[in-house]
Amino acid sequence: MAQHNKGQSPKKIASERIEILFDQAYLNRSNPALANRYVSLAREIAMRQRLRMPKQFRRSFCPVCHAYFVPGENFRVRVQHGKVICTCLVCGTVTRYPLS
Ligand SMILES: [Zn+2]
């Protein structure tokens, strides 16, 4: 695993690791401390490689306190005026994005 894999860019490896970490966060969503740890590790990897967080993960955690979102547990989703409104119940941050 630790061996250098020729032909694979560090960015690609990083994005694979981010996927694995979000998988683990999802599997451990009943344990917020652990899930949040996976999110922060994924963010560290993304920052180190200057990657944007992949779209499918960007909205799965709080942009302010980085808590992994568990539906019905620590965040609330509402649709209003054609926009999705997500409220983080950990720190109270509200994020809005257009309904696609
Ligand atoms: Zn938050």
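Please treat every number below as a calculation from the coordinates, not as lab data. Please read these numbers as outputs of a predicted model, since none were measured by experiment. Don't worry about glycine lacking a Cβ; one is built from the backbone with ideal geometry, like all the others, and counts go over all protein chains shown.
Here are a few things to note about the model shown:
- Residue 79 vs. criteria surrounded by 15 or more Cβ atoms within 10 Å (Cβ to Cβ) and more than 14 Å from the chain's Cα centre (by Cα): no
- Residues of segment 18-29 that are exposed (fewer than 14 other Cβ atoms within 10 Å of the Cβ) and either of a type in the set (S, T, N, Q) or within 16 Å of the ligand (Cβ to nearest atom) (or both): none at all.
- Looking only at segment 65-76, residues that are within 15 Å of the ligand (Cβ to nearest atom) and either in a strand (DSSP E or B) or loosely packed, with under 10 Cβ neighbours inside 10 Å (or both) come to 4 in all.
- Restricting attention to segment 30-59, the residues that are in a loop (DSSP other than H, G, I, E, B) and surrounded by fewer than 19 Cβ atoms within 10 Å (Cβ to Cβ) add up to 8.
- Qualifying residue in segment 8-27 (condition: closer than 28 Å to residue 100 by Cα and in a loop (DSSP other than H, G, I, E, B)): no
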